[in-house]
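Notes to accompany the following structure.
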């Protein structure tokens, strides 16, 4: 499958992800900062807090405490926070003041729609990834408080997850490889023997749609 994978990667333009991923990371951090501001977080350099203490202060739903902590980790990876065991410390202001910072324009203007539109124009093949981030990022504060069901954003009427798992360049490559592997396995079955397939999934059926025609 390796030669096929390399061919498919080139055909589907997977190299685009090397440019897209930094942009998605930058946009994700901006969405997190905006969500924390909406929740009422008032960080100042040197401030210390615990995850549970801050979660209670911001009224984070219990079911989303792990997500909340992961978001703090992401801010720490950007150098905005610092973690020392159970205690956290604010290293920088949560509102980037440097005009050259890629976070500053988004954070000050909150112009996420324009940023997403610009990225979509630059990366038209990645509409699924950008659409999913836009839908979820805009509702992040409400999700953290339990006011919006996260699954409804993923698998709602306009399923961003369905597009991601079935139509994105990466998904098309993976699904194509899996379909070829299953077809080759089926072809090796003795004549008259029933092939049993156990599918483990609870999503959009994107992989199933790719595999079934090959059986």
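A few comments on the model shown:
- Candidate set from region 1-49 (those that are exposed (fewer than 12 other Cβ atoms within 10 Å of the Cβ) and in contact with a strand residue (DSSP E or B) (Cβ under 7 Å, 6 or more places away or on another chain)); member that is modelled with the highest pLDDT: 48
- Annotation note: of 152, 191, the sole residue that is at pLDDT 80 or above, assigned to a helix (DSSP H, G or I) and surrounded by fewer than 16 Cβ atoms within 10 Å (Cβ to Cβ) is 152.
The values are calculated or read from the model by the stated rules, or taken from the named source; none is laboratory data. Everything numeric in this text was worked out from a predicted model, so none of it was measured. With ideal geometry, Cβ positions are generated from the backbone for all residues, glycine too; neighbour counts draw on all protein chains shown.
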